[in-house]
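A quick write-up on the structure given underneath.
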Amino acid sequence: MLETTRYETSQRVRGTAVLTAGVSLYAAFIVWYFTVLEGTDFETIAQDMPPAMIEAFGIEALGSIEGFLGGQIFNFVWLLGLGLYFAYVAGGLIASDIEDERMDLLLSFPVSRSRLLAEKFASLLFPIVTLNVVVGGVIYVLVLAIGETIDPVHLALAHLLSIPYLLVCAAIGVVLSVLVDRAAVAERAAVGVVFALFLVESVVGAGTDFEWIQYVSPTHYYDPTRVLIDGSFESIHVGVLLAAFLALLIISQGLFQRRDI
């Protein structure tokens with residue numbers, strides 16, 4: 001059972017370690033940089049910036065360690081960087097095997113297409129969980145090291161609630177992966193879709209006549225800065241992300257069942 005998941009996960013160990021180390025180093029730089037900017041009047045700076053940029057990156061809350069982490073780490077790395085990364089990786093899950101003509105061999109084993117797809121996708125849980133656990137711990141220790149305090153529950157929630165968001169980004173990549181034969185096309189298309197959805201929420205949907213468009217973006221349903229500052233979040237938003245993830249996964253299953261390998 002789960003042989004495909006175990007194999008795919010083992011192939012991701014090195015990449016996950018490198019990515020986790022890189023994000024941890026970036027987090028260390030951001031925490032250190034907060035000490036350098038101590039005393040800066042971010043509210044005055046925010047007055048001269050476009051509302052869309054303030055909304056997208058939480059600039060108005062940068063004066064506190066929670067707001068600074070939310071704006072400089074979570075909004076940049078989790079919402080955009082990791083969202084694009086997992087969409088890209090998921091874009092190659094199926095398309096790469098089809099392109100390299102390995103899919104015929106995989107399907108010759110006693111495993112259904114639905115199980116194969118599910119197990120391949122399940123391997124992405126390893127880097128998603130590892131990143132959140134390790135980097136979350138690193139951030140907490142670093143914040144304490146500079147003499148600041150942060151609510152560990154709020155920090156844990158910010159990481160936990162990112163998982164449904166990242167699963168949606170990955171599911172977008174999987175849908176595209178079963179639609180095309182070339183991995184590069186699926187990967188780039190997945191990155192383009194997630195980036196476009198990020199822009200929809202942060203730019204198009206912010207204070208415009210088309211504000212309703214923001215509801216199609218998964219970014220709308222995950223606000224890490226708010227969670228870090230006061231620990232508040234909407235349970236229905238978590239439900240929407242989980243429902244979107246399941247719907248996209250079901251769609252990818254249906255497309256994969258019907259496509260000609």
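The values are calculated or read from the model by the stated rules, or taken from the named source; none is laboratory data. Predicted model, so just to flag it, every value in this text is computed and none were measured. Counting neighbours? That spans all protein chains shown, and the Cβs are built from the backbone with ideal geometry, glycine included.
Please give the number of the condition L197 fails out of (1) closer than 30 Å to F68 by Cβ; (2) surrounded by fewer than 22 Cβ atoms within 10 Å (Cβ to Cβ).
Evaluating L197 over (1) closer than 30 Å to F68 by Cβ; (2) surrounded by fewer than 22 Cβ atoms within 10 Å (Cβ to Cβ) leaves (2) as the failure.
Report, ordered by the first and then the second residue, all pairs with beta carbons closer than 7 Å, sequence separation of six or more or different chains, a first member in the stretch 1-24 that is farther than 16 Å from V135 by Cα and of a type in the set (D, E, K, R), and a second member that is assigned to a helix (DSSP H, G or I) and at pLDDT 90 or above.
E8/K120; R12/F126; R12/P127
What pairs come up if the first residue lies in the stretch 121-146 and is touching a residue at least 40 places away in the same chain (Cβ under 8 Å), the second is surrounded by 15 or more Cβ atoms within 10 Å (Cβ to Cβ) and among the acidic types (D, E), and their beta carbons are under 6 Å apart, counting only those six or more places apart or on different chains?
S123/E8
List pairs: first in the stretch 208-232 and within 21 Å of G192 (Cα to Cα) and at pLDDT below 90, second assigned to a loop (DSSP other than H, G, I, E, B) and among the aliphatic types (A, V, I, L, M), Cβ under 8 Å, 6+ apart or cross-chain?
Close Cβ pairs satisfying both conditions: Q214/A206.
Quick grid of which residues meet (1) modelled with pLDDT under 95; (2) over 18 Å from V193 (Cβ atoms):
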{"site": "F68", "(1), (2)": "yes, yes"}
{"site": "L82", "(1), (2)": "no, no"}
{"site": "V89", "(1), (2)": "no, no"}
{"site": "E101", "(1), (2)": "yes, yes"}
{"site": "R115", "(1), (2)": "yes, yes"}
{"site": "K120", "(1), (2)": "yes, yes"}
{"site": "L131", "(1), (2)": "no, yes"}
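Assuming R182 fulfils every condition listed in (1) over 26 Å from S235 (Cβ atoms); (2) crowded, with 19+ Cβ neighbours inside 10 Å; (3) out of contact with any Lys or Arg (no Cβ under 8 Å at 6 or more places or on another chain) apart from one, which condition is it?
(2)
If I go through the stretch 84-133 residue by residue, how many of them are surrounded by 16 or more Cβ atoms within 10 Å (Cβ to Cβ) and not in a helix (DSSP H, G or I)?
5
Looking for whichever is of a type outside the set (G, A, S) and more than 16 Å from the chain's Cα centre (by Cα) here; the options are L144, L241. Which one fits?
Among L144, L241, only L144 is of a type outside the set (G, A, S) and more than 16 Å from the chain's Cα centre (by Cα).
So for the stretch 126-144 (the condition being under 28 Å from L37 (Cβ atoms) and hydroxyl-bearing (S, T, Y)), does at least one residue qualify?
yes
Taking the stretch 225-261 on its own, how many of its residues are in contact with a helix residue (DSSP H, G or I) (Cβ under 9 Å, 6 or more places away or on another chain) and closer than 30 Å to V143 by Cα?
13
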